[in-house]
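Written out below as structure tokens is the structure these notes cover.
The values are calculated or read from the model by the stated rules, or taken from the named source; none is laboratory data. Please read all numbers here as calculations on a predicted model, not as lab measurements. Using ideal geometry, Cβ is built from the backbone for each residue, glycine included, and neighbour counts are taken over all protein chains shown. When the accessible area is computed, the model is the full protein with side chains, heavy atoms only, and any ligands, DNA or RNA have been set aside. Shrake-Rupley method; radii C 1.70, N 1.55, O 1.52, S 1.80 Å.
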Amino acid sequence: MGKIIAIANQKGGVGKTTTAINVAACLAEVGVKTLLIDLDPQGNASSGLGYTEQKEKNVYQALIGKLGLKEVIVPGPVKNLDLVPAGIDLIGAEIELVSLPYRERRLRMVLRPIADQYSLLIIDCPPSLGLLTINSLTAAHSVLIPLQCEYFAMEGLGRLTETLKLVVNSLNPSLRLEGVVLTMFDPRNNLSHQVAQEVRQHFADQVFQTIIPRNVRLSESASYGQPIIIYDPRCKGAESYRQLAEEIAHRNGIKEVSSR
Ligand code: ATP
Ligand code: MG
């Protein structure tokens with residue numbers, strides 16, 4: 001079965017989607033068969049991969065059992081990369097799921113059966129700790145937490161940790177912490193260094209060596225609907241996401257099959 005990684009942090013705008021898109025694209029680029037699942041009603045991972053159509057065929061239909069997950073998978077802009085898009089109807093899912101049986105396990109039930117067709121499956125979570133994020137954590141083998149190198153980077157981590165404990169205790173005992181990745185690092189800013197140091201003190205070797213710098217090309221690439229390796233393959237942002245992807249592959253023994 002492919003490795004399923006949830007990218008979560010209930011804090012908004014910390015780089016979850018940028019990390020999801022670009023780690024997925026970087027590994028697909030080197031031949032790792034990858035599926036990106038957009039579980040955020042904002043649909044940023046979908047639009048960030050250039051997907052804007054077919055709004056009625058998305059992860060929501062799979063979650064409520066109207067369509068099979070396979071039916072909502074679309075090819076991404078890079079070889080070896082597929083996407084399960086989100087749609088605006090996912091907004092209602094938080095409420096509708098409440099009355100469905102196995103409400104926390106819906107994603108796991110649809111995702112695990114197809115997980116053997118991929119080496120890596122990445123879930124982009126919304127900025128909340130609601131049912132969608134719980135579904136994602138229940139479906140995943142591990143969780144990757146992006147932290148922005150800014151004021152209050154660690155604020156709210158207590159609540160996230162509580163949620164992780166809850167999921168481990170009741171829904172997914174084998175869930176592991178994949179790691180913490182520092183994002184939007186600005187080397188000229190003292191605060192960035194302080195935050196990085198504080199996070200390393202707190203999480204020790206669970207912090208990835210790779211730090212993602214603040215790089216305007218990354219935000220531009222999303223608005224063009226392209227992963228950074230297509231938009232500007234040689235910029236600092238592309239370089240750092242390739243490096244992070246390599247670390248993740250290495251930690252998980254994911255083989256780069258290079259069928260490029
Ligand atoms: P949300 O909580 O709303 O889902 P998020 O955690 O997914 O947000 P992103 O959408 O990845 O965060 O990033 C927030 C904004 O910052 C976006 O406009 C994105 O393009 C930009 N951004 C992310 N990472 C970087 C970076 N390393 N350098 C510059 N801009 C970045
Ligand atoms: Mg996002």
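Results, tabulated for the structure shown:
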{"read-out": "Extreme residue, nearest to residue 134 (Cα to Cα), among residues of region 38-47 that are touching a strand residue (DSSP E or B) at 6+ places or on another chain (Cβ under 7 Å) and assigned to a helix (DSSP H, G or I)", "value": "45"}
{"read-out": "Selection status of residue 74, open to solvent by less than 50 Å² (accessible area, probe 1.4 Å) and without any contact (Cβ under 8 Å) to a residue 60 or more places away in the chain", "value": "yes"}
{"read-out": "All positions within region 1-24 that are away from ligand 1 (no atom under 13 Å from the Cβ), at pLDDT 95 or above, over 9 Å from the mean Cα position of the chain (by Cα) and not basic (Lys, Arg)", "value": "2, 4"}
{"read-out": "One residue from 50, 65 being modelled with pLDDT of 95 or more and part of a loop (DSSP other than H, G, I, E, B)", "value": "50"}
{"read-out": "Residue match in region 126-133 (condition: more than 25 Å from residue 253 (Cα to Cα), more than 14 Å from ligand 1 (Cβ to nearest atom) and assigned to a helix (DSSP H, G or I))", "value": "yes"}
{"read-out": "Matching option when the condition is in a helix (DSSP H, G or I), away from ligand 1 (no atom under 15 Å from the Cβ) and touching a residue at least 60 places away in the same chain (Cβ under 8 Å), among 27, 35", "value": "27"}
{"read-out": "Residue satisfying all of: in region 75-92; part of a helix (DSSP H, G or I) and within 16 Å of ligand 1 (Cβ to nearest atom); farthest from residue 173 (Cα to Cα) among these", "value": "88"}
{"read-out": "Tally of residues being open to solvent by less than 10 Å² (accessible area, probe 1.4 Å) and either farther than 18 Å from residue 44 by Cα or not in a strand (DSSP E or B) (or both) across region 112-125", "value": "3"}
{"read-out": "Candidates 98, 84, 143, filtered to the one that is open to solvent by 20 Å² or more (accessible area, probe 1.4 Å) and either over 27 Å from residue 231 (Cβ atoms) or within 13 Å of the chain's Cα centre (by Cα) (or both)", "value": "98"}
{"read-out": "Verdict on residue 199 being open to solvent by less than 80 Å² (accessible area, probe 1.4 Å), β-branched (Val, Ile, Thr) and out of contact with any Cys (no Cβ under 9 Å at 6 or more places or on another chain)", "value": "no"}
{"read-out": "Failed item in (1) away from ligand 1 (no atom under 16 Å from the Cβ); (2) part of a loop (DSSP other than H, G, I, E, B), with residue 96 passing the rest", "value": "(2)"}
{"read-out": "Test for residue 207: is it more than 19 Å from the chain's Cα centre (by Cα) and of a type in the set (A, V, I, L, M)", "value": "no"}
{"read-out": "Pairs where the first residue, in region 191-214, is within 18 Å of residue 177 (Cα to Cα) and the second is surrounded by 13 or more Cβ atoms within 10 Å (Cβ to Cβ) and of a type in the set (Phe, Trp, Tyr), C-beta under 9 Å, 6+ apart", "value": "210/241; 211/185"}
